[in-house]
Structures are given as C-alpha cells and as structure tokens.
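The values are calculated or read from the model by the stated rules, or taken from the named source; none is laboratory data. Given the structure is predicted, the values throughout are model-derived calculations rather than measurements. Note: ideal-geometry Cβ built from the backbone for every residue, glycine included; neighbour counts use all protein chains shown. All accessible areas refer to the heavy atoms of the entire protein, side chains included, with ligands and DNA or RNA removed. Shrake-Rupley method; radii C 1.70, N 1.55, O 1.52, S 1.80 Å.
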4 protein chains.
Amino acid sequence: MKANVHRLSMQHPGDVSALEALIVSGEIRPEEIVAVIGKTEGNGGVNDFTRGYFTQSLMGMLARHLNTPAEALLHTLPCVLSGGTEGVLSPHYLVFSRGGEHPAASAAHAGPGALAIGVAFSQPVAAEEVGRAAQIRSVAEAVVSAIADAGIRSLEDVRFVQVKCPCVTIARAQDAQRRGKAAITSDPNRSMAYARAAGAFGVGIALNELGGSADEYETALLADFSLHSPRASISSGVEIDRHEVIVLGNSPAWTGPLRIAHQPMADALDIGSVYKVLAELGILADHQVREDAAARIAGVLVKCEPDRRGRIHGQRHTMLDDTDINAQRHVRGAVGGMVASVLGDGRIFVSGGAEHQGPDGGGLLAVIAAAADTSS
Amino acid sequence: MKANVHRLSMQHPGDVSALEALIVSGEIRPEEIVAVIGKTEGNGGVNDFTRGYFTQSLMGMLARHLNTPAEALLHTLPCVLSGGTEGVLSPHYLVFSRGGEHPAASAAHAGPGALAIGVAFSQPVAAEEVGRAAQIRSVAEAVVSAIADAGIRSLEDVRFVQVKCPCVTIARAQDAQRRGKAAITSDPNRSMAYARAAGAFGVGIALNELGGSADEYETALLADFSLHSPRASISSGVEIDRHEVIVLGNSPAWTGPLRIAHQPMADALDIGSVYKVLAELGILADHQVREDAAARIAGVLVKCEPDRRGRIHGQRHTMLDDTDINAQRHVRGAVGGMVASVLGDGRIFVSGGAEHQGPDGGGLLAVIAAAADTSS
Amino acid sequence: MKANVHRLSMQHPGDVSALEALIVSGEIRPEEIVAVIGKTEGNGGVNDFTRGYFTQSLMGMLARHLNTPAEALLHTLPCVLSGGTEGVLSPHYLVFSRGGEHPAASAAHAGPGALAIGVAFSQPVAAEEVGRAAQIRSVAEAVVSAIADAGIRSLEDVRFVQVKCPCVTIARAQDAQRRGKAAITSDPNRSMAYARAAGAFGVGIALNELGGSADEYETALLADFSLHSPRASISSGVEIDRHEVIVLGNSPAWTGPLRIAHQPMADALDIGSVYKVLAELGILADHQVREDAAARIAGVLVKCEPDRRGRIHGQRHTMLDDTDINAQRHVRGAVGGMVASVLGDGRIFVSGGAEHQGPDGGGLLAVIAAAADTSS
Amino acid sequence: MKANVHRLSMQHPGDVSALEALIVSGEIRPEEIVAVIGKTEGNGGVNDFTRGYFTQSLMGMLARHLNTPAEALLHTLPCVLSGGTEGVLSPHYLVFSRGGEHPAASAAHAGPGALAIGVAFSQPVAAEEVGRAAQIRSVAEAVVSAIADAGIRSLEDVRFVQVKCPCVTIARAQDAQRRGKAAITSDPNRSMAYARAAGAFGVGIALNELGGSADEYETALLADFSLHSPRASISSGVEIDRHEVIVLGNSPAWTGPLRIAHQPMADALDIGSVYKVLAELGILADHQVREDAAARIAGVLVKCEPDRRGRIHGQRHTMLDDTDINAQRHVRGAVGGMVASVLGDGRIFVSGGAEHQGPDGGGLLAVIAAAADTSS
C-alpha cells in the first residue's frame, strides 16, 4: 500500500477549492482520502467556528464527489483541525490518502519502509467518562485499532498519533446528572484539558510507553506531569461524541517515497529538536532548509505549551497572565516562528494544549518528507 | 572611555529594583547611566501604559539617587521602551553606562575597538513637521550630535541607531491649526508610522546610506519601501515632544570587552541573519548558543514587520487581517520565537513598526556581546 | 400583501435548525422568504468568518428545500449579517417573508398600513467605483428599485433601508490598475468605510433626504459628517460584488399586524430614542418593556459608532485608542446594553460603522412590532 | 462630621493632576482624604498595570503634599481601583474626604442624616487563609472597625461596603507550603474569585445579613450562590497583603448635602434598579437624568457578572465562551452602557467579579448624590 500527503492552502476557512481541483483533475481519488489535519485562522478557543466552517465545507464538497451524505462522512473520515495561525503561520490542510493493496495483506518490503496511515473511531464517550480511566481505555483501544488499520506490526514503527477527544459541555453534564452520573467538571475548558490528558495516557498505554492499565493512571491526569507520551498529539472539541484517531508511522508493508520522523521538544526554545528531526529524514539545514530540500517536506506537526511554571530557561514569560491574548495563541506564535524559520515555510500545524504530550513545558514535533532520491 | 551594558529583569512594569540594587551595591554609578532601552509587558499600542509606568518608576528612583528632579532626567536620559512581550519574550531592560575619559579626548587604541555609546536630544518638533522633511532633518542632525557624543569618527563604526520620535495627537493637530499650520494627519497611529519613516530616513542621511538632503525624501515616506536604513531602529510615542537618539557602534577610542554587530533581516523567517550576527561576534551556535557563549551576550535588539503584502516566502499570513490581535503583536511573537530559540534566552528587545528600517517585510538585528577572551 | 418576520435563535453560526423546523412544519414557506438579517457571534472584523459560515449553512439548507442551487440564492436573497454579540447581545436572525398578492397590484387599505418589505440587487460594482459618485448612484438606483418592489408609493413610508456594499480588496485594486483605473484605496478597512459612506448618501438621495445628485456628494464622503440619512443602515463586506438592498416601511397596500418605527440616536447614551420609537409603536415601557408588550416585538435594528472626537457628553471615552479590543466591538457592547435593558431582550441587531447614518457620533434605531390588538 | 466626594477625570492612568490642582487651590485638604475609588483604562485582569501606575502616581503626589513617605500611605489610605473602561465608560476616580469633629463624638442631628465614611485595614492575611473561614472572619472584623470609624450606629445605615482582598500567588502558595500549610489553590485567578466570595460573606456577617459565624460559610464559598450580600462590593488583587475596607452609609451623626442609596441588580438587564436608586435620592429621570439633576450626582458604584448559566432572560449570551475578550470586560461594557445611558454620564465605577455580591447573575448599584435643595 502507498500513502500520499498533499499540503494545500486555503484562502479562508470555507475554502476547499484546492482539494476539489485535485479531485477534478484526477490527482486525488476522493475514495482514497482517509484523514485530514488542518490549521484554520480562528482563535483556537471554544468560540473558534473556523473549524466547523471548514469541516462543513470539506464534507459538503466530498459528499458531492463521493455521492455519500456529508453526515455519514463525519463518522468515517477523521478531520482534525487546530484553530490559530498566529504570527508567520499559514492556513493550510494536509490530505492523507492511501491506495493499493491493504498493508495487512502485503508482504514486508526490504528497506526502512514508508509512511503508513491508519485511522479508527471509538464508540461514543459518555460525559461521565471524560477525564477518567474509561476515556483512557477508550483511546487506547482506538489507537490499537488504528495501528491495525495501518498494518503496522511493531509499536516502534508508530511515530505520531493524532487523537481528537470529546469533552464535557454543560448540556452533557446535566444529561449525565439525570442518569445519576457525575461528570468530572462541567467547565468545557477544564474538561478539554482532562480529555487531552486522558488521550495522551491512552496513546502511551497503547504504545507501551506507559506500563499497566488505564485505571492506574486516572489520578495522574493533569497531576503528574512527569508522565507523558512523546508521540501523542491530542486535541479536544465540543463538536464530537467519540474518539477519532489517526496513526502515522513507517512500515515495511508500505511503499512510496514518504517517511515520518519525530522528536520530543524539551521547551518552547528547543530549536535543536527541529534540526534533529530533519537530520533523521536526511534533510540538511544550513540554518534554514534549502529550497530543494524544502520541496521534499509534505507536512509538519507540532504540539506545544506555555510553561505552566512561568519561566523558560530561567526567564519569566508573561503568557499565562495575559488577559488580552490567550496563552495558547502566544505559544503557537512563538513556537511557530521558531519552526517556520528553520523550514522557511509557515505551513506548519502547531497546536497548543500539550498536557502529557512530550516533556512538561515542551511538546513534540513530527515531519513527513519524501526521500532525497525519489526523482532518481 | 568604557561602555557597560547591564541586562536586568523586571517583575512588573513598575519594578526597577534590580537596577536600584546595583546602584546601592556600587556596581553601577547612577551618574554614568546614559541610556535605557527596555521591553515591558504591555500591548505595544497607543493605550500601552506600561511604558509610562516604567519610565515614572525609573526616573523617580534615579532622581532619588542623583538628587535631581525626575522631570529634568526626562530631557537628558533617553529611555526607549517597546511594549509587548509576546510568546517567549521576557520583560527586561538594558542599562547603558559609560565611564572614564571622554572618547573625543582619547587616543585611538589599536585593535577593533569597543562598544561606543552616544546620545542626543533634538529641539522640540512641531506637529506640522511630523512626517515631513523637517522631521527627517531634525533626526539627521540629532544623529550627527549623538555620533559626536560617542566620539565615533567613521560612519562605518556606527552599528545601531535607536531613535524615539514625537508624533501628532489630536490636540497637537488642533494647536497647529490655530497657528495656521496643517499636520500631515491627525490620526495618532498614522502619524506614528510617518514619524518612524522620517526617523529612518534621518538616520539614513546622517549615516550617508541615503545620499542627498531631507527634502528629496519627503515624498518617499511610507511610499518607496525600497529605500531603507539597515541600522535604524525607530519608535514613536505621544508622550515626547523632541527626538531622543541613542547611537551604538564600535570605536577604537573606547575600551572594554563589549562589541556590537548588526545584520539586516530579509523577512520574518530570516534565521540566517541571527547566525550571521553571532558569527561576526565570534559566538558559535550549535543550533542554539551554548550556555558559556550565551553568558557573553549583553543585549539583543530586533526590529521587524508583518509583511504588508500578506505573504512570507509565498505563503499567506493572517496578521494584517486579525481584528482580535494587533499585527505588531503577532510579528513580535513570531520573530521573538525565532531569535530567542537561537539564543536560548527570551530577553530580547523586539520592536514592530519597521517602516524603512531594514528590508521591506523584514527588519534588522543587533547583538552586543563581550569578547570570548575577556576572562583571560 | 402581508409581511412576516420571524426572530430565530442560533446555537452557533452554522445553526439554521430553527428556520428549517419552521419550514418543515409548514409555518414558513421557503419560497416566500425575501431577506435575512442576522447577528453572529464573531468579532465583526475582516477576519470574522461566522458570517460566511452562517450564509453557507442558510443557503445550503434553503437550496435543499427550494430545489435551487445555493449559488443562485446568493444573488436573489439578501442576507445581511453583522458579527459581534458583545455583552448581553444574543446571536439570532430575522427571517423576512411575504405572501399574497403583490402590493403593486393591491389597492390601498384604510388605516396606517402595515410592514412593507422590498429588496433589490444592483449591477456589479467595479473597484474604482467604490467610495465615489458611481457607488452613490448605484445604491440610490437599487434603493428606488427596492421601494418599487415593496410597493411603497410615498417616500415618507420608508423607515429603514439596509444596504450591503462591496468594497475594495487588494486583488480588486490590482485588477482595476490593470484596466487603467485607480481605486480610491487598496486598504480593505478604509474602503469599507468609504463604501458605507457612499451607501448612506445613496439612501439619502433615493429618499430625498439629500437634494441634488450623487456627483455633488462625492467630496463629502467621510468628510462632512453633518450630512447623514436617519434611515440608512449600511454594512460592507469583501465577499460580495454588488449592492444588496432591503427596504422596510409601512404601506397602506400591505396588511397584517406588523409595523415599523425608527428614530435617530443622538449619541451612544441616547436612551430617549429607544423610548420614543417604542412610544410610536404604542409599546409602553415602565423602564423595561413588560413581558406582554415584549412579545409583540419582532425585530430591533440599531446602528451606532464610537464617537470619533473621543468624548461622549463631555467625558473622555477610550474606545478609539484600545489596541486590544476593536472600537466597534466596544460600542456595540455598550449600545447593546442600553437597548437590551429597555427591551428586556438581548436579541438586537447592533451594527457599528455608522458613518453618515444618523447623527455624527450616534446612529439610528428601528423596531418592528405587532399592533397591540392583534389578538382581538 | 462632614463627608465630601470629588469625582475627577484622568487623562491617563498616571494622571492625578486634577486632584493636585484641587489640593493646590485649597479646595481639598490632603490630610482629610480618607479613601480613593477609581476606574482606570486597563483590561481589569491579572496583567492590568494601570492600577499600579495610578496608585504610584497618587501616593507619590500625596506624599509630597503630606510630607509622608508614599509607602506609609499605602497602609493608611485605601485605594481601590477597577481596570477596564469598556464602551462608554470614562476613566475617573472618586476622592472621599471628611472634615470636622469625629462622628463618634457628634450628637445625632435631626433628619435623615448624611453620607458617612469609615475605613479600616485588617492584619496581613496568610496565603492559607484565603478563600477559607479565616478570611471571612478577617473581613467581617475589618468591616466592623470601619463601621465604627464611620460612627455609624445602626447596621441599617450602611449602604455600600467596598473591600479589597489579598489573594494567593504562586510565590505565596510556595511560602505557605514551606510553613507546612496548603493554600486552597495556587491559581491566582481562581484564588481571586475565592477571595471575593470570602469578602462578600465577611460583609454579610458583619452586617447581619448572614446569620451565624464564618465557619458555617466556608463550604458555601463559590458553591451556594443563593447566599449573597446586597451591599458588598469586593475586589481582589495580588498587590496587597491585608484587607482594605471602605464603608459608606448615611448617618445622623454626619452633616452635609450628600446621601447614598443602593439597590440590588437582578441581572445585567435590570434597568429598573437604576431608576429605583435614583428615586430614593429624589432624582427624577425622564428616561435620562436631566442636566440639573445630573449635577447633583457625586459617584456611581456598580458590581456585575456575566451570568454563569449562559442565559439572560432566556436568551443565550456568548460572554463566557469568548477566547478573544474576557467575560468581565464584556459585562462591564454592557452594564456600563445601561447605567451610563440613564445617568447621561460615563463616569461610572463598574466592576466585575460579583460572586455572592447581589443576586446571582446580577449585582448591585449605589449612587451618592447631593440633596436637591442644597443651593437654597
């Protein structure tokens, strides 16, 4: 099987014309699209409607080309969006598609393998499960499914797991109460943090980074920040009711020029992690990646956090105390500036809210790129 | 003569305790302080009062130690502040002091020379002069005075010129009208852009970067962006009525370990400019400057802009259309993230509004550092 | 002919379920819908995508029920949205529909008449026409068409004219240049203000509030603020290419319980204007409108401005200098608080940018309500 | 004894020139100033430094005129500031002074009495006491002291109690931990809400609105919102270490034309409460207070909240979900618009964070005005 990734620009959050053009021209077969990850120009908060606008536009367009109701696509095609293109970041989306024989049926090729993609949806998550062992377990199971869907046989081959988690809304909390259950919180923002934490532990357990069972980690959620997964990127939103999982890795059962590499990011100044991940992909950066090498890059995924202790390398930062600009907007702008300046390109998926995803106060970084010799 | 630069942190915009401690301990003699440049945690806009708060705190404290009225210090001690510590930036201020025999009287030493500092104030600027040839001329003259004050004999030795320019307020525009004169605009924000542009051309003329006289450049203000000075860093504010100039350079008439280097910044992703300026100072950066080398750095000054054409390296950015976050806040956060990640330190003076200061859409960068062998 | 107005809530900017429910239940016939005016929870600025999201959702839903392409509806059904539900304002939309014999064919009834609605679209507007006499003329002609569409015979009977105007984008300005024409500005925000001003003068000319021709008013655009229309409510947006006009009035040729009244608003504190417009509709307000009377109100439309002279009733306001919150967001929140507290209801259309629409520094107010005796 | 209140405008947060002019002219004797309450043009959040800037400016100026160190004034002169002049609000401050024989020594006069002012400071509050019974108790005791200072003998005569409460900072929480104590939270924002709640209960106990002792109310803090004081206005800030209390009432032991009245505000649309409080003061409002009556008003104090249940009069509001504008800024703008439009004046102290201060989702309102016949 062969994976493909198209990095497409949008003119506004309702603009999916670049993808439609590729479908019309035949470059992308719509039935081969398995996931979309994108960055829209909203504020990234609870009232960021650019995500819903893009999703409606995408599903409506694909529904026409697939002759499937848009509603049905919502439960089969993961679409993970992060709002906020602060600073030099540029609105764009990655379209993941795959074609050919299913990897489960393929024999392993020689060599290092190629980019593998798998997806999965969990069962619906009840409000009282959010931020508790049940959510950790549900994520872990869905990650296992997605790994199988990707035909990845060794957990080492998994490089990046994107999960979108439901959270608690006031309405859902009240519904749980009517059923005699109690949600961990009815504050949507707080529940989103719990959901991201549970998602990270779910990934950690599925990938054997964290030993033991989901139950053992419930009390560590948002409490023990030494525990983390260096391959989990979690977002949470009020608009979904079940987990959506996208697993990316390198597998000998897959072919094609693309490969993925990842690195933990120690803190918001860890520029070394960018050069390290590039080196792993054989991309030389003379400070900034040269244009020919830059053309090989198909996608960049970053997760980061404003350090909750208020300092970076010993110096006070002011992100957490700013009443005017949300702290996640601050950190996306700064880390986006760092990564984009190395790559020479603002089309970077940078998402905040990195609880238990990479080192505390830092985060993680993944790059998908084609091999250097693909044209030969 | 010998220059010294102290980089001090503040806990809030009214906190000058770090400087006072050095004065009390005798490490800094208050009468040797000649200029202050700082970064406060405001929004950097018209209603950023953190600048005024810091200035009042600084002048009040120095007034006590110098036994001089605070009001008098306002016209003898340039204090240039930029509001906005977006992302990883950390509130801090640079205290420039100088001691020993005046450089005009010193013989030139052998070797590359050392950091030289000169300051000057112009005559008050009338509202109708702002954004016109008269302001360009006034800045040029003050820069010449500050160069003389620094004892710098060759214009090549000037590396960075910080100018603070008065602008037009509604009240000043009305006052001009009563005198039968017309201000170029009564919009304070617009007049600040004109003032910065005039400041940049004034520096360019004084440094012979731009040939000809002030009159020839009036129509190019905010119009011909191919014209710029790579050594001018200009800010503008409603709170002053005359130009304040700080000239920094390297002069054989000065002694001490400090030197300054500068580079133009081609655009907001120009990470190469950071490595170049460090190389000129003999600071090796294995991606991020190592701790021992970082300890040599005394100050970092950056000027940048959100590209007014809406694109960086061909990709659309969204800074200029954001109604929620001011575009200058966006770009400071991104460029701050880039520079701080190379230096491993968020104490960077990053200021927006770089019209005609460095290349269009980019800006400039200066670093002050001690020589490597200072301890030997 | 009979007009109807439904005031419907939305749960988010993509939610048109309330309207769809009324269509499904048969309470609203979709082919009778002639205009929609709504308030979405965005920031109201250039990057407010809640307007596009709502429009896409509305047109998509209506397209299904009308069996017409959504694209076609965009040029026949005016949909004027204002982003920003600051403070107590509540996201909602007014659906205007009309049924029965066309008013042009109806005999006049006795009595004061009833709410009349007319709509019109102009020809496309070229970039170089924006903010010039050509745009004033185009709006005036479209208003005349909409008045005819409403079957209104006396200009006195017109009470409120909502116009949406195209503006200049960078792309359109460049296109004009290629055709040898010059746009008045390429700054979208500035051109939106010019477009609103031209719209207001177009309405004023069509309603005979302003004597003379469009040419005579070109130089007064954004210059002579003593000139204004007390019945013009203008918005501008990058997303349209022609004028959309909705005329509301009271006509003896129409039947039904609804009537509209309007008042100029002297300034952002003019609470008297609210009580006056209610009195005209026979709605008594014992400070706040009582519940039974409130139930008669079908729609409230307000236009307002942050006073550009910086003072209200002699006291300084800070809206224009705030770098953190856009001035229009400030004034919508304050005027919304005033009007909503009298009506006891946050479902109020409050739009900023009131240049030449009502008195300088103020704006205007219109209320649509049913007669008191409708149930008898 | 006689109370006086001066309502003074400021041009920026460091401007105390209006007060200094009155001191220089002899209209105010600086030693008679007992409290200052003001509204500065910041964002009202943790990083609002306009409060510190104003306080530094005020104390510095008074220190010169009183020949007392500014530091000493900080512990004897309560200065309560609220940041945020959203919408039509105007930056200003109320200077409370009193002269003549101490009220405790005065005989009661006939008639309704006049404005009485008392102040008190508590002992320093430890971090572990914040948001617990100890803080409730400390506030209650300080309120009792301030009532005595005002010479008020009947609790009915107290109309408005302004308290400023210390809160927990990260540093203070760590210090408590070193002493073996645990703060209720180390999140400054959360601790500020707890502190305001404790302040409200302290006032309620001191005024006998709430029966029983402080211990009984600890668990109701931020939990049982049916409990509230209709006369408590509480703010909290990181900059203080003890409670500051200002009690305002009407007492027969005081003379002069001023009186104070107050009303609970049922919700953010409760315009009736404004008219009621004016009626109690004999101020007739023909919708907006007429100019002659407006001249009698010396100060307006309002406390309000964005309804935490997400609805006002059954309609959804969007304040709590806005990532761009803080919810308190939203509600201050709306309630400020309502109150200012009735009074015809934007100089209103409107403060958010009204937990347990007035009805849930509403708040309270107090007006100080001179009697109508004062000139006769």
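Restricting the range D:320-340 to residues that are of a type outside the set (D, E, K, R) and within 18 Å of the chain's Cα centre (by Cα) leaves a set whose member that is nearest to the other protein chains (Cβ to nearest Cβ) is D:Gly333.
Listed here are the residues, each with its yes/no results for (1) crowded, with 17+ Cβ neighbours inside 10 Å; (2) away from every other protein chain (no Cβ under 14 Å).
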| residue | (1), (2) |
| --- | --- |
| C:Leu8 | yes, no |
| C:Asp15 | yes, no |
| C:Ala21 | no, yes |
| C:Pro30 | yes, yes |
| C:Val36 | yes, yes |
| C:Gly44 | yes, no |
| C:Phe49 | yes, no |
| C:Leu66 | yes, yes |
| C:Val80 | yes, yes |
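With respect to the stated conditions, A:Leu74 fails to be crowded, with 23+ Cβ neighbours inside 10 Å, closer than 24 Å to C:Phe49 by Cα and away from chain D (no Cβ under 14 Å). In the set (1) at pLDDT 95 or above; (2) crowded, with 18+ Cβ neighbours inside 10 Å, the condition left unmet by B:Arg172 is number (1). Of the residues making up the range D:207-231, those that are part of a loop (DSSP other than H, G, I, E, B) and open to solvent by 20 Å² or more (accessible area, probe 1.4 Å) number 14.
Within the range A:141-169, the residues that satisfy the criterion of being assigned to a strand (DSSP E or B) and either at pLDDT 95 or above or on the phi > 0 side of the Ramachandran plot (or both) are A:Val158, A:Arg159, A:Phe160, A:Val161, A:Gln162, A:Val163, A:Lys164, A:Cys165. I'm trying to understand the selection: among the residues of the range B:3-33, which are touching a Leu at 6+ places or on another chain (Cβ under 8 Å) and not in a helix (DSSP H, G or I)? The answer is B:Ala3, B:Asn4, B:Val5, B:His6, B:Arg7, B:Leu8, B:Val16, B:Ile28, B:Ile33. Apart from one condition, D:Ala354 fits all of (1) in contact (Cβ under 8 Å) with a residue 40 or more places away in the chain; (2) out of contact with any helix residue (DSSP H, G or I) (no Cβ under 9 Å at 6 or more places or on another chain); the exception is (2).
Residues in the range B:34-60 that are assigned to a helix (DSSP H, G or I) and within 20 Å of B:Asn4 (Cα to Cα): B:Leu58, B:Met59.
Take the conditions (1) at positive phi; (2) within 9 Å of another protein chain (Cβ to nearest Cβ); C:Leu343 misses just one of them, which is (1). When D:Ser138, D:Ser122 are checked against the criterion of being open to solvent by 10 Å² or more (accessible area, probe 1.4 Å) and part of a helix (DSSP H, G or I), a single residue qualifies: D:Ser138.
Tell me whether the range A:189-206 contains one or more residues that are open to solvent by 40 Å² or more (accessible area, probe 1.4 Å) and touching a strand residue (DSSP E or B) at 6+ places or on another chain (Cβ under 8 Å). No, the range A:189-206 contains no residue that is open to solvent by 40 Å² or more (accessible area, probe 1.4 Å) and touching a strand residue (DSSP E or B) at 6+ places or on another chain (Cβ under 8 Å). When the residues of the range C:175-186 are filtered to those that are open to solvent by 40 Å² or more (accessible area, probe 1.4 Å) and in a helix (DSSP H, G or I), the one that is farthest from B:Arg308 (Cα to Cα) is C:Arg178. Only residues that are more than 22 Å from the chain's Cα centre (by Cα), more than 14 Å from chain D (Cβ to nearest Cβ) and under 23 Å from A:Glu355 (Cβ atoms) were counted in the range A:279-313, giving 2. Being open to solvent by less than 60 Å² (accessible area, probe 1.4 Å), within 11 Å of another protein chain (Cβ to nearest Cβ) and among the aromatic types (Phe, Trp, Tyr) is a description that does not apply to C:Phe96.
Could you check the range D:261-278 and list, in sequence order, the residues that are in contact with a His (Cβ under 9 Å, 6 or more places away or on another chain) and more than 10 Å from chain C (Cβ to nearest Cβ)? Of everything in the range D:261-278, those that are in contact with a His (Cβ under 9 Å, 6 or more places away or on another chain) and more than 10 Å from chain C (Cβ to nearest Cβ) turn out to be D:Pro264, D:Val277.
For the range D:232-259, the candidate set comprises residues that are in a strand (DSSP E or B) and among the β-branched types (Val, Ile, Thr); within that set, the residue that is modelled with the lowest pLDDT is D:Thr255. Annotation: C:His262 fulfils all but one of (1) open to solvent by 20 Å² or more (accessible area, probe 1.4 Å); (2) closer than 26 Å to C:Cys79 by Cβ; (3) part of a helix (DSSP H, G or I); the unmet one is (3). I need a count of the residues in the range C:141-163 that are of a type in the set (Lys, Arg) and either buried (at least 24 other Cβ atoms within 10 Å of the Cβ) or touching a Leu at 6+ places or on another chain (Cβ under 9 Å) (or both). Total meeting the criteria: 1. Pairs are defined by a Cβ separation below 6 Å, a sequence spacing of at least 6 or placement on different chains, a first member in the range A:360-372 that is closer than 12 Å to A:Val300 by Cα and of a type outside the set (Phe, Trp, Tyr), and a second member that is open to solvent by less than 10 Å² (accessible area, probe 1.4 Å) and in a loop (DSSP other than H, G, I, E, B); the pairs so defined are A:Leu364/A:Gly358. I'd like to check something: does the range C:187-202 contain any residue that is modelled with pLDDT of 95 or more, not basic (Lys, Arg) and not in a helix (DSSP H, G or I)? Looking for residues that are modelled with pLDDT of 95 or more, not basic (Lys, Arg) and not in a helix (DSSP H, G or I), one finds none in the range C:187-202, hence no. With a requirement of 1 or more residues that are open to solvent by less than 10 Å² (accessible area, probe 1.4 Å) and at pLDDT below 95, none of the strands (runs of 3 or more DSSP E) lying completely within the range A:265-376 satisfies it. Take the conditions under 22 Å from A:Leu248 (Cα atoms) and without any contact (Cβ under 8 Å) to a residue 40 or more places away in the chain and apply them to A:Glu71. Does it pass? No.
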